[in-house]
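Let me begin by presenting the structure, written as structure tokens, before commenting on it.
The values are calculated or read from the model by the stated rules, or taken from the named source; none is laboratory data. What you are looking at is a predicted structure, and each value in this text was computed from that prediction instead of being measured. Every residue, glycine among them, receives a Cβ derived from its backbone with ideal geometry; neighbour counts consider all protein chains shown. Calculation scope for accessible area: heavy atoms of the full protein, side chains included, ligands and nucleic acids excluded. Shrake-Rupley method; radii C 1.70, N 1.55, O 1.52, S 1.80 Å.
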Amino acid sequence: RISVDWNPEFKDDAIIFGQKISHLFPNSNLTDTTKFLKKGDVFVLLPGENFGVDFLINKIRDKCPHAIVTDKKVRLLLGNLPRYCKTFFWDNLRDYIGFIAAGFYNNPSDKLDVTAVTGTDGKTTVVNLAASIFASSLVDSAAIGTLGVVIYRKNQRKQMLQDYGPANLTTPSAVILQRIFNKLRNEKIGKVFLEASSIGIITQRLQGTNIKTAVFTNLGSDHLDIHGNLANLAYSKSQLFSHPALTKIVFTEKNRLQHSEIHSVYEAIERSNAKKISVGIEVCPNKPTNLTSEVLIVEKNVSRFGTLVSVVKNDMESEPFLIKIFGKHNLENLSLVAGLLSDDLKVGNAKKILGDCKLPEGRFELLDRENLPLVCIDFAHTPESLKVTLLTLDRLKEKKSSNLICVFGCGGNRDINKRPMMGKIAASYADYGYITSDNPREEPINKISQEIMSGICLKKKSNWLLIPDRGKAIEAAITKAGKNDIILIAGKGHEKTQQIKGVLFEFCDKKVVENLIQRGIN
């Protein structure tokens, strides 16, 4: 288990060190990735498992940085460094680079109202829902995470920061994060909602960030190849709630069905001195509930047109209103946003504030065309998210004879233990489907597919076909489905590329579906 020290001994010295470098190079940016490095910048040289000192020096040589910041441990390895390049050293740089970066950009998060969202599923939905809703009714906001950096304006204008498009990291590095905060401060952004992955937390990417509010979504099986087990994963997420600057914590109310390992998260929340707001949902409004949540989202009815909901707060309930959000999991995400809005949200204005909310791209995105099956594109890539998405779609069936069809795969070079689990879940809740490629990376697609198939019981295996080419799998699903069927294309959601054997190929689930529709499907 890795504990996060939010206030190490030399924190203030590191901030001052970053300020001094900034004063020496006032027109430079600080970066730790060659992708963003431009002539005259200051480069943070941190060798790791994949990139050694010599490799990094050769990589930056032609980009002519004014200076580098590196660890004293590598002093003797810098012989190939260009002579014009000034060098700054710091002991145990990896443990302080967030504070140095914050100092370099004059502590930008101090001028922003930052909310960090952690949990296995729902982070992207929560940060983008929150940013769009806050922008609509209160203040220009931004979301940072899987979709990149998205600015939401009060005039409904949405803007992507092009230099920080969808990245490999859910939570950017500490250096890039401070650079983003600096940009958002200059853009006059009021609120920032940040995805805080468990890996991002324990590798100190949030170091140097002033976090006022923390949100916990849920705990599920993901990244266990890195954390080892669910208890360690939960502990990593729990570290966010010990951040010293927190003034508010919003979380889903604990229930008996959650993993026992989740206790470490709730214990950390309880220990915090921050104000605590618990939220929840009620999907069976005619049944009594024992939830004591401060904010409750009540589902009244669901159809392909949306979900009819009401909001309960202070023992008062709003009039029902329709939202374009589907599924228990997404209602839970919305309840967390409602918790963030608790100071301004009342039963009288609930429809005005929440009524126009929309899920981000690739999150339960429905493509409904006349005389064609209903297609849902969703990022579901964990056992828990795949199950809840399939269960939600099952409720949208309009005829008893309708089939629920699933197209999915699993990522390569990632947690292999979830593959048979996802196969079992898909076969349990879908009528039939296609196992295909996700982002196989360096692993053989057939190996991944067989490991998924191993979780499907013998009597159901014949309902599942292995089609390695994702485009062909999607085409097979749509062309063979009836017009009353429902198809889930899971795992990639918003992604516009597919990574196979080290190469990024252009690929978008939604685009494949739209091209098939345009061509005409018989």
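For segment 420-433, backbone phi angles converted through the Karplus equation (6.51, -1.76, 1.60; θ = phi - 60°) give residue-by-residue couplings of x, 4, 6, x, 4, 5, 4, 6, 7, 10, 9, 6, 6, x Hz, Gly and Pro being listed as x.
For the residue pairs Lys237/Lys510; Lys358/Lys399; Lys400/Lys472; Lys123/Lys496; Lys73/Lys237; Lys387/Lys501, the C-alpha atoms sit more than 22 angstrom apart in Lys237/Lys510; Lys358/Lys399; Lys400/Lys472; Lys73/Lys237; Lys387/Lys501. A DSSP coil position with no more than 10 other Cβ atoms inside 10 Å describes the following chymotrypsin sites (Phe, Trp or Tyr not before Pro) in segment 30-126: Tyr84. Which listed residue (Leu37, Pro47, Gln19) has the Cα farthest towards the positive end of the charge dipole for segment 1-90, taking +1 on Lys and Arg C-beta and -1 on Asp and Glu C-beta about the Cα centre? Final value for the positive-end residue is Leu37. Helix 470-480 and the long axis of the chain differ in direction by around 20°, with both axes built from C-alpha atoms. Apply the a/c threshold of 1.5 to the C-alpha gyration tensor of segment 365-522 and tell me whether it is rounded, prolate or oblate. It comes out oblate by the Cα gyration axes.
Counting Lys and Arg as +1 and Asp and Glu as -1 over every other residue whose Cβ lies under 14 Å from the Cβ of Lys73, the net charge comes to 0. Share of antiparallel DSSP beta bridges in the chain, in percent to the nearest 5? Looking only at bridges with both residues in the chain, the antiparallel portion is about 35 percent. Accessible surface of segment 125-193, 1.4 Å probe: 46 percent of it comes from carbon and sulfur atoms.
Net length available on complete extension from Arg75 to Asp394 is 108.8 nm, with 0.36 nm assigned per residue and the Cα-Cα distance removed. Extension gain, Leu308 to Lys501: 0.36 nm times the residue separation minus the Cα-Cα distance gives 65.0 nm. The Gln156 and Glu319 beta-carbon pair, evaluated with R₀ = 22 Å, returns a calculated FRET efficiency of approximately 0.35. Over the chain, dividing the summed -39,500 (n - 2.57) contributions of all DSSP H runs of at least 4 residues by the number of residues returns a 222 nm mean residue ellipticity of -9000 deg cm²/dmol. Taking label points 7 Å from Cα along the Cα-to-Cβ direction, Val347 and Ser428 give a separation of 3.8 nm. Only one of (1) 22, 53, 24, 2; (2) 13, 31, 38, 16, 1; (3) 17, 40, 32, 11, 1 was calculated from the structure for P(r) over Cα pairs in 20 Å bins from 0, in percent, and its label is (1). In this structure the chain gives 45 Å² per residue of accessible area when probed at 1.4 Å with all protein chains present. Ranking Gly122, Pro82, Thr203 by Cα position along the charge dipole of the chain, where only Lys, Arg, Asp and Glu carry charges on their C-beta atoms, puts Pro82 farthest toward the positive end. Classification of segment 319-380 by its C-alpha gyration tensor yields a prolate form. The axis ratio a/c (a ≥ b ≥ c) is 1.5 or more, and a/b outweighs b/c.
In this structure, Asn106 and Asn371 have a Cβ-Cβ separation that, at R0 = 56 Å, corresponds to a calculated FRET efficiency of about 0.45.
For the peptides 436-447, 297-308, residues were scored by their other Cβ atoms within 10 Å and the scores averaged per peptide; the highest-first order is 436-447, 297-308.
Segment Asn273..Asn484, full-extension length gain: 70.7 nm, with 0.36 nm per residue of separation and the alpha-carbon distance subtracted.
Over all orientations, segment 1-144 has a Cα convex hull whose mean projected area works out to 11.0 square nanometres. Of the GluC sites (Glu not before Pro) in segment 347-431, the ones in a loop by DSSP (not H, G, I, E or B) with at most 12 other beta carbons within 10 Å are Glu370, Glu398. Of the trypsin sites (Lys or Arg not before Pro) found in segment 45-124, the ones in coil according to DSSP and having at most 14 other Cβ atoms within 10 Å of their Cβ are Lys63, Arg83. Exposure check, 1.4 Å probe, all protein chains in place: Cys457 carries approximately 60 Å² of accessible surface.
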